[in-house]
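> What follows is a structure written as structure tokens; I'll ask about it next.
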Amino acid sequence: MLDILFSNIDLLIDLVLAFITMSLGLNLSKQDFRQLFVSPKSLTVGLFAQMVLLPLAAFLLMKFTEFSPEIKVGFIIISVCPGGVTSNLVSYLLKGNVALSISLTVMNGLLCMFTIPIFVNMAIGYYFHHSAVIELPVWGTIQHIALVTVFPATIGVLIRNKFSAFANKLQPILKYVLPALLLIIFLLKIFVPVEKGGIALSQNEIWMLCFWVLLQNFSGIILGYITGFLFNLNFQNKITIIIEVGLHNTALALLIAGNLLKNNEMQKPIMVYAMFTFFSTLLFAWLIKTIALKFIEKEK
């Protein structure tokens with residue numbers, strides 16, 4: 001049984017990612033979408049920070065490292081992926097705007113079908129100086145991402161609107177089941193042999209990558225807060241955006257680096273990112289929220 005599981009880790013990532021995005025759809029009602037498009041400023045600001053500012057920040061950070069081209073591309077892949085179930089969970093725990101969080105995840109998930117192959121191929125061309133045969137197939141990537149994100153999310157929305165009582169019963173369970181499923185995938189990736197889909201990640205590599213992973217994570221959080229402040233968003237939406245910009249969908253990033261590009265090195269920063277950033281985002285966002293609330297109270 002374990003041999004069968006180990007030999008199909010890439011398929012398991014596809015299935016778990018599809019299940020996760022379906023669960024996001026279960027949280028969305030037509031009213032949530034309608035409200036966000038009636039007042040789209042927060043959604044637009046969040047998408048701009050996620051899809052433009054963070055990839056630029058990741059590119060600038062890589063300027064200061066001596067990492068291999070593969071590792072640098074891995075960091076870029078993280079930056080161009082949308083938020084995921086973990087960012088939605090952190091928004092829930094810190095009393096952010098959960099509807100905005102989920103909508104940002106879903107909207108970015110739709111757009112990233114087209115942006116990921118473009119940005120990743122640009123990163124590959126830049127870091128490998130156009131001499132490598134590695135390339136992310138554009139149409140194939142769009143189809144693959146649609147299959148494991150857009151279609152399941154649509155199914156989730158349909159279930160929510162047709163069987164709302166059933167969806168409401170599932171939501172409290174899925175908040176904790178889905179991170180557990182992600183944890184299982186990451187453990188398999190770490191401990192399974194490379195030839196069966198795992199990642200050969202040494203302790204030295206973990207500590208070497210950890211600083212830059214946390215720096216990218218913190219950069220996203222700061223960018224999210226500054227952007228929310230400049231566009232005068234309400235406090236709850238600011239907190240939501242810093243979480244969404246700071247914490248990204250590592251399952252999708254692994255799919256890009258592992259399933260589609262078949263590159264073990266590119267998966268290493270993604271795995272280290274998955275190990276630390278749920279907790280660091282929760283801590284950084286809580287600190288910013290606490291400090292900002294104290295400042296607001298003094299202003300009053």
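The values are calculated or read from the model by the stated rules, or taken from the named source; none is laboratory data. Since the structure is predicted, the reported quantities are computational estimates derived from the model, not experimental observations. Don't worry about glycine lacking a Cβ; one is built from the backbone with ideal geometry, like all the others, and counts go over all protein chains shown.
> Within region 40-72, can you find the residues that are in a loop (DSSP other than H, G, I, E, B) and farther than 17 Å from residue 227 by Cβ? I'd like the intermediate steps shown before the answer.
Just the residues of region 40-72 that are in a loop (DSSP other than H, G, I, E, B), to begin with: 40, 63-68.
Answer for region 40-72, where residues must be in a loop (DSSP other than H, G, I, E, B) and farther than 17 Å from residue 227 by Cβ: 63, 64, 65, 66, 67, 68.
> Among 95, 63, which is among the charged types (D, E, K, R), surrounded by fewer than 24 Cβ atoms within 10 Å (Cβ to Cβ), within 13 Å of residue 243 (Cβ to Cβ) and at pLDDT 80 or above?
On the way: 63 fails: within 13 Å of residue 243 (Cβ to Cβ).
Being among the charged types (D, E, K, R), surrounded by fewer than 24 Cβ atoms within 10 Å (Cβ to Cβ), within 13 Å of residue 243 (Cβ to Cβ) and at pLDDT 80 or above holds for just one of 95, 63, which is 95.
> Would region 128-143 turn up any residue that is at pLDDT 80 or above and surrounded by fewer than 19 Cβ atoms within 10 Å (Cβ to Cβ)?
There is at least one residue in region 128-143 that is at pLDDT 80 or above and surrounded by fewer than 19 Cβ atoms within 10 Å (Cβ to Cβ).
> If you don't mind, there's one more thing I want to ask. Return the pair list, or none, for Cβ contacts closer than 9 Å from residues in region 198-211 that are at pLDDT 80 or above to residues that are part of a loop (DSSP other than H, G, I, E, B) and buried (at least 16 other Cβ atoms within 10 Å of the Cβ), at least 6 apart or on different chains.
The qualifying pairs are 208/67; 209/67; 209/201.
> Here is a follow-up. Determine if region 86-95 includes at least one residue that is touching an Asp or Glu at 6+ places or on another chain (Cβ under 7 Å), at negative phi and in a helix (DSSP H, G or I).
Filtering region 86-95 down to residues touching an Asp or Glu at 6+ places or on another chain (Cβ under 7 Å) leaves 87.
If we keep only those that are at negative phi as well, we get 87.
Right, trim to in a helix (DSSP H, G or I) and you get 87.
The answer is yes; a qualifying residue exists.
> OK, next. Checking the conditions here, which among 206, 291 is part of a helix (DSSP H, G or I), over 18 Å from residue 74 (Cβ atoms) and over 17 Å from the mean Cα position of the chain (by Cα)? Quick ask: steps written out before the conclusion?
Values: 206 fails: over 18 Å from residue 74 (Cβ atoms).
Criteria check complete, one pass: 291.
> Kindly indicate whether residue 242 is in a helix (DSSP H, G or I) and closer than 30 Å to residue 124 by Cβ. Walk me through it before giving the result.
Values: in a helix (DSSP H, G or I): yes; closer than 30 Å to residue 124 by Cβ: yes.
It is true that residue 242 is in a helix (DSSP H, G or I) and closer than 30 Å to residue 124 by Cβ.
> Sticking with this one: Of a type in the set (Val, Ile, Thr) and either more than 22 Å from residue 22 (Cα to Cα) or modelled with pLDDT of 90 or more (or both): which single residue out of 115, 44, 86 fits that description? Walk me through how you get there before you give the answer.
On the way: 115 fails: either more than 22 Å from residue 22 (Cα to Cα) or modelled with pLDDT of 90 or more (or both); 86 fails: either more than 22 Å from residue 22 (Cα to Cα) or modelled with pLDDT of 90 or more (or both).
Sole residue among the options that is of a type in the set (Val, Ile, Thr) and either more than 22 Å from residue 22 (Cα to Cα) or modelled with pLDDT of 90 or more (or both): 44.
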